[in-house]
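Reviewing the structure listed below.
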Amino acid sequence: MSEKKAPVAPRSADAESVGGAERTQFQMIVSRFLRHRAAMISLAVLVVIVLFTFVGPLLWRWDHTVHLEVPPSVPPNPDHPLGTTTAGHDVLGQLMRGTQQTLKVAFTVSVLGTVIGSLWGATAGYYGGRVDGLMMRVVDVFLIVPLLVMVAAIAGNVRGGTTWYAVALIISFFAWAQIARVVRGVVLSLREQEYVEAARASGASPGWIIVRHLLPNAAGPIIVAATLLIAVAILLEAGMSFLQFGIQPPDISLGQMISDARTAVSTRPWLFYPPGLMLLAICLTINFIGDGLRDALDPRQSMVRR
Amino acid sequence: MTTTEHMSNEETSSPGTGDVVLEVRDLSVTFPSDDGPLPAVREVSYVLRRGEALGIVGESGSGKSVTSMAIMGLLPKNARVEGSAKVLGQEVVGLDDAEISKVRGNRIAMIFQDPLTSLNPVYTVGYQIAEAVLAHHKVGKKAAMARALELLELVDIPNPAQRLKQYPHELSGGMRQRVVIAIAMANEPDVIIADEPTTALDVTVQAQVLEALESARKETGAALVLITHDLGVVAGHVDRVGVMYGGRLVETGPVEEVFYRPRMPYALGLLGSLPRLDEDRNERLTPILGTPPSLLTLPGGCAFAPRCPMARDLCHEQEPSLLATAENGERVRVPVEDTGAHTAACHFSEELEGAQPTDLFRGTAVGAETTDTGGTADTGGTAESVAESEERAEQAERALARADGSGDTADGSGREAILTVRDLVKHFPIRSKGLLKRRIGEVQAVSGISLDLYEHETLALVGESGCGKSTTARLMLQLIRQTSGEVEYRGQPLHSMSQRQLRPLRRDLQLVFQDPFASLDPRMTVSDIVAEPLRIHGRRNGEAKKRVRELLELVGLNVEHGSRYPHEFSGGQRQRIGVARALALNPKVLILDEPVSALDVSIQAGVINLLEDLQDDLGLSYLFVSHDLSVVKHIADRVAVMYLGKIVETGTTEELFRAPAHPYTQALISAIPLPDPVKERTRERIVVTGDVPSPADPPSGCRFRTRCPKFADELSESERVKCVEEPPELVDRGTGHPDACHYSRAVELI
């Protein structure tokens, strides 16, 4: 039965013929993602980074704390592949732990902020009018208040405010507003689309329309904002650590490593480059994965792109 | 000034070309694309003589616009243009930007479709016309402005001196398009290319703009290439016509020849698929099967062969060239310069002599409604479920019952109204900008409308854009809430129900949209789209799946296509998906909001036939909202004509078209172009002037009086007072059906 490919759209007909017609939507999304080369490479790199940070500490003999056996200020050598700090940390051990903490913060912020922000923004945009006005004023408050100051003020005064999950929660608490604004803008135009009206004419409830029509169609901008949010979270966390409000020693994060090494870029480059490059790698891979996701979720785009 | 320039142009034209102003030879345009070269235009040749009007007709994607863009040198840099196009003997293909700029606007000018985007919103109208003058003439600013004034007079703009200082947004659509025409005329070009110049306008305004274009052209003696999809416009306004299909010219000839004696099955099919104002409603339309070819995968032989009912082996193998048919039936080549010749690109064009669309496309009119998928006909019969055959039996019964009572159905009296609307009013508030958002006025979109929709009938709601017909449709579904008035469905007051209470009733009242591209969620598969209403109303998944298959079959789509996304379908197929979704819950009433106006002619006929079949099979009632009177005449039982939020005339289709009584109805009917050159040129016309006033500030008394030809020309001063002071009631004034004009008089127009 799948042999009969009617002459509707020849371009899609050959794309479909790979797996036959009876594939689920999820399978189609996966297959489209697999075809996106940059995203696939990035995904592989990210998996390696995750393994490195979560499995690595179990295998490597030095952790991120100070050890008397570690010689201070040694450039990379077989014993310490990334060198050591003045205080006697092994940089490789620090990098593993630091990346792990940073990733945990970044992903938590991204997921929480995106979910809350999308729902908030979509609800405001769909209802419009007074509801929209009220909800967006709340968003404005969160956008106006200098994020770093608030984060720092809270983190410093709450017990346990310097553990990674506390830091993540505090950043999320402020970061969702940006997403809400983006999503609301997109939804404002989407809700005028006729398919939304068609759903309303069939008796769909607002919740149904928001979840089934508005959010999926806003997926592109949402994903872009979510990937950006990861980068923002990493930078915020670094900033907080620098101001001594984020993750505190003896624990460590990438941001903290970079700020510790900022005076040593030329004298002891092994302190600066590993965390810096790691940060860059994470942000880049996540951006590419976001691109791939966006294309995979949009049935129109990936058909043309090979 | 004008005549001398004219002379100089004639002198510069090279000898030998005679009075030919535009000569296109073997013009081909290819776009590179991800999927290989895309031949948008293939070997197009034509000549245009001084003062002549040539119409280029074709459906979307036939290459008609690309051809003219290539002549104007307006194509993107990556397009490959081959062949030659000579304007007054000067080659323009391959010229660089600076050189072609000397030709553009000076000798050849272009008018685009959308007057909203082709004028710059930040400059005054006068400035923009003067700019066009200054581009090619070294004259002072004052002289340029004086010329601008002259040009505005040329295109019949009232108060031209005042208009000069206005900005585009202060003018109506029709006025803007006149300004665009004025700009095109600024340098007395020898050729004007008008690309769908009136497609974005209402019919009454279209008539005015075409009139203005015509008179401006007469004044300057410019030749015209009129590109359009509207066969009616072509019939009335050009001398010769070229039909394009799949990037090629497939038929050319004098307009009467092509319309009365088409020699290419495609042209014949186009004429047959057009609902006509001058024909009876009972005649079924004859759509062309299939969809226009994808230019990426053009068939080997004739591009039309896959859709052609008389295609033979030769057609699939060899592409026919554009030849004339001689007396003895032989096909002979004629030079492009022979503008009187009638040529067609069909191997068997001699067989079409005297053929009628119904002869050739009979199969499509009667039989399978599986039209544009092609592959479904053979799967159709096999999967007929029990439920469906039961349904069929029921339908047969219903049909019988209907046949018994068909005697008194003419005006719907004696039957129960299924959906009634009483004194419906909808005002949209206009709010001030800023924080307070004070109410500073209101748009009176709908001002007191009463309608009755009877069971199993089609009621058409007709009017120009902005008359409130779509708002009325949405009010009837309670998608927006009325300001006042009542909507009742089978005695249940919809207007006072909450959204929650309405939800179960939504099953019975469904909506089909105008734009098949915007009305389907691009991220859902077709199955999910059609199943959505079922899921909303809590049907189980398995049940929904089965129903979706039934529905896809019902609207003539391949059931296997359910897992595809909307963008993979053509416009006609998408509209079928929209219809399938609306039918999912077995509604009793379908509200069709311009369901075919976004579709190409050949596709439109298929959808109209489908709607008619569905009504017969399922016993549906239709509220058919449309601006197109020819479609309405074809499909509707009764018609209500709307103007500025009020119904001005209503009656059975028969009555309304035979003897329209309200001047607005008369004007609407006479503004619809007929696809028949002789009738179109000789018919009596009732012309209205100006544009629809703003519904935020409608005229007092009769709302039509500002544009009414009767008010302006026939009525005495004392009679006019009544029009100004007293809004006319919608009552029967002796014409057999109600109208809202104090001085109505039935006129025969067709």
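The values are calculated or read from the model by the stated rules, or taken from the named source; none is laboratory data. These figures come from a predicted structure and were not determined experimentally. A quick note on method: Cβ atoms are made from the backbone with ideal geometry, for glycine too, and the neighbour counts reach across all protein chains shown.
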request  = Quickly run through the stretch B:208-223 and pick out the residues that are among the hydrophobic types (A, V, I, L, M, F, W, C) and either buried (at least 23 other Cβ atoms within 10 Å of the Cβ) or not assigned by TED's automatic domain parsing to the domain that holds B:Asp156 (or both).
outcome  = B:Val209, B:Leu213, B:Ala222, B:Ala223
query = What helices (runs of 4 or more DSSP H) lie completely within the stretch A:196-306 and have 1 or more residues being over 20 Å from the mean Cα position of the chain (by Cα) and within 14 Å of chain B (Cβ to nearest Cβ)?
reply = A:206-209, A:301-304
inquiry  = Of all residues being buried (at least 16 other Cβ atoms within 10 Å of the Cβ) and among the charged types (D, E, K, R) in the stretch B:463-487, which is nearest to the other protein chains (Cβ to nearest Cβ)? Just the residue, please.
reply    = B:Arg474
query = Residue check, B:Pro299 against (1) assigned to a helix (DSSP H, G or I); (2) surrounded by fewer than 24 Cβ atoms within 10 Å (Cβ to Cβ), all met but one. Which one?
reply = (1)
key: Within the stretch B:488-515, considering residues that are touching an Asp or Glu at 6+ places or on another chain (Cβ under 9 Å) and crowded, with 16+ Cβ neighbours inside 10 Å, the one farthest from the other protein chains (Cβ to nearest Cβ)   = B:His495
Residues located in the stretch A:184-216, provided they are under 28 Å from B:Pro587 (Cα atoms) and of a type in the set (S, T, N, Q) = A:Gln193, A:Ser202, A:Ser205
note = Of the residues in the stretch B:588-609, those that are under 14 Å from B:Pro275 (Cβ atoms) and either among the aliphatic types (A, V, I, L, M) or at pLDDT 90 or above (or both) number 7
task = State whether the residues of the stretch B:526-544 include one that is more than 11 Å from B:Leu585 (Cβ to Cβ), at the interface with chain A (Cβ under 7 Å from one of its Cβ atoms), touching a residue at least 12 places away in the same chain (Cβ under 8 Å) and buried (at least 17 other Cβ atoms within 10 Å of the Cβ).
result = no
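Conditions (1) without any contact (Cβ under 8 Å) to a residue 40 or more places away in the chain; (2) in contact with a helix residue (DSSP H, G or I) (Cβ under 7 Å, 6 or more places away or on another chain), marked per residue:
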position	(1), (2)
A:Gly121	no, yes
A:Arg137	yes, no
A:Val145	yes, no
A:Val196	yes, yes
A:Ala204	yes, yes
A:Pro221	yes, yes
query = Restricting the first residue to the stretch A:20-35 and requiring it to be farther than 14 Å from A:Leu293 by Cβ and within 13 Å of chain B (Cβ to nearest Cβ), which pairs with a second residue that is surrounded by 13 or more Cβ atoms within 10 Å (Cβ to Cβ) and modelled with pLDDT of 80 or more meet a Cβ separation below 6 Å and a spacing of at least six or different chains?
reply = A:Ala21/B:Glu560; A:Ala21/B:Ser563
query = Going by the conditions given, is B:Val678 in the same structural domain as B:Arg705 (by TED's automatic domain parsing) and in contact with a strand residue (DSSP E or B) (Cβ under 6 Å, 6 or more places away or on another chain)?
reply = no
query = Among the listed residues B:Leu554, B:Leu590, which satisfies the condition of being more than 18 Å from B:Asp628 (Cα to Cα), away from every other protein chain (no Cβ under 12 Å) and surrounded by 20 or more Cβ atoms within 10 Å (Cβ to Cβ)?
reply = B:Leu554
